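First the structure, in the form of structure tokens, and then the observations on it.
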Amino acid sequence: MRTRAALFRAAGEPLEVREIEVDEPGPDDVLVRIAATGVCGSDLHLVRGEWKRPAPMVLGHEGAGVLEAVGSRVVGLAPGDRVVISWAPSCGECGPCRTGRPVACAPLRAGIAAGTLADGTTGLSVGGETVYRMTSIGSWAERMTLPAKAVLPIPGDLPLEEAALIGCAALTGVGAVLNRARVEPGSRVLVVGAGGIGQFVVQGARIAGAASVVAADLLEGRRELALRLGATEAVEPDAVSGEFDYAFDAVGGPETFDLAVRSTRGGGTVVAVGMAAAGVRYELDPFQLTNEEKWLTGSLYGSEDPAVALPRLLQLVRDDQLDLEGTLGPTFSLDEVNEAVAASLGGSPGRVLLTP
């Protein structure tokens, strides 16, 4: 089967839209017609050369679409179903899965590092050359064959452009607040970085009942959007003052992590959410752990099984507590993929989408 996809070959080179070969769905697979897919910070790490992965590669892992075919052993899904893509389908058998950390599934993590699916294959090629997948997905394409566990059904009244955001940004940001930090009502929260993930951290803190939510970002447009989404204050990073019960680094850099740690009160909690570039190291004063007893932790994909987290997020959307539409940025066609990447690199306040 052939489909059009955006191929990434090397940092600094424009992506190329090509026809590629995609394997037909196996017994446990589905074929998804991609309706909308986001430009995530993880994709940009490759574009900037900050992460190394095999190439050529189809980038993208955050998306939603409609099933065109399902494998013979797939239960509970049918052609025509509207689905959100989850990049973390767990095997259910490895150590992390057995100990309640399905998003850290060992075969999945190995596949992500190798640019393959969890079984070590890609199912993609162009001109006889293997094509790899970003985060074991590769959603910057018109169609994609995926394991059935990598898609979750969604209601018919949720626009697919909004649903795409649930697949990564919303699960990650809201989950870091509700599942990992477990922010308590009445607390003070700092969110360092008001981009795609940070906007959902802000919303998660609002949903949790935080008394104040301060968003820190260099870009005025993102600060303004954070205020509309529930931040009580939005400032430049240098203007952050006071002490916070919880601080979230939604960027993933030494400066942003340091700001989060410095701004947290003794006994408070710091959560690293944003993904760092390869080789980045954080500095830490050990007295912040011993004398100040600060809690430092990280959160991966919302620290919850996506199959469990998704229904909760959908209920928050139905209850008008979680705003997806307000986080949307500009939309580009697949042929405009390089313009989409440029808009995201340029600091678009809302999430940049591709609509293949």
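FYI, it's all coordinate maths here, none of it is from the lab. Every value quoted in this text rests on a predicted model; they were computed, and no experiment measured them. FYI the Cβ positions are ideal-geometry reconstructions off the backbone, even for glycines, and counts take in every protein chain you see.
Collect residues whose amide H, placed 1.01 Å from N in the peptide plane, falls under 5 Å from the amide H of residue 296; neighbours closer than 5 in sequence don't count.
Here 270 satisfy the definition.
Applying 1/(1 + (r/R0)^6) with R0 = 35 Å to the Cβ-Cβ distance of residue 228 and residue 262, what FRET efficiency is obtained, to the nearest 0.05? Don't skip to the answer; put the middle values down first.
Working: r = 27 Å, r/R0 = 0.78.
The pair residue 228/residue 262 has a calculated efficiency of 0.80.
Could you work out how much longer the chain between residue 21 and residue 211 gets when fully extended? Use 0.36 nm per residue separation minus the Cα distance between them, nm to one decimal.
Details: separation 190, 0.36 × 190 = 68.40 nm, distance 5.22 nm.
Length difference between fully extended and current span is 63.2 nm.
On full extension of the chain, what length is gained from residue 52 through residue 220, given 0.36 nm per residue of separation minus the C-alpha to C-alpha distance?
57.3 nm
For a test of the definition: using alpha carbon positions, the gyration tensor, and the 1.5 limit on a/c, classify the chain as rounded, prolate or oblate. Walk me through the intermediate numbers first.
Numbers: a/c = 1.66, a/b = 1.60, b/c = 1.04.
Because a/c hits 1.5 or more and a/b exceeds b/c, the chain counts as prolate.
Residue 93 to residue 297: extension gain in nm, 0.36 nm per residue of separation minus the Cα-Cα distance?
Values: separation 204, 0.36 × 204 = 73.44 nm, distance 2.49 nm.
Extending this stretch completely gives an extra 70.9 nm.
So who's got an amide H within less than 5 Å of the one on residue 351, skipping anything under 5 residues away but keeping other chains? H placed 1.01 Å off N, in plane.
328, 329
Can you give the FRET efficiency to the nearest 0.05 for residue 355 and residue 2, using r as the Cβ-Cβ distance and R₀ = 25 Å? Please report the intermediate quantities before stating the final value.
Working: r = 20 Å, r/R0 = 0.79.
About 0.80, to the nearest 0.05.
GNM, the chain, Cα, under 10 Å: largest mean-square fluctuation among 18, 73, 143?
Largest GNM mean-square fluctuation: 73.
Residue 10 versus residue 345, label points 7 Å from Cα toward the beta carbon: distance in nm?
1.5
Does the range 1-127 classify as rounded, prolate or oblate by the C-alpha gyration tensor (a ≥ b ≥ c root eigenvalues; a/c under 1.5 gives rounded; else a/b over b/c gives prolate, otherwise oblate)? Show your work: numbers first, answer last.
Values: a/c = 1.74, a/b = 1.15, b/c = 1.51.
Oblate, because a/c is 1.5 or more while a/b does not exceed b/c.
When DSSP beta bridges are limited to those with both residues in the chain, what percentage is antiparallel, rounded to the nearest 5?
Numbers: 33 of 59 bridges.
Within the chain, antiparallel bridges account for around 55 percent of the total.
What is the range 156-287 by shape, rounded, prolate or oblate, if you read a ≥ b ≥ c off the alpha carbon gyration tensor as root eigenvalues and call it rounded for a/c under 1.5, prolate for a/b larger than b/c, and oblate otherwise?
On the way: a/c = 1.57, a/b = 1.37, b/c = 1.14.
Prolate is the answer for the range 156-287, as a/c is 1.5 or above and a/b outweighs b/c.
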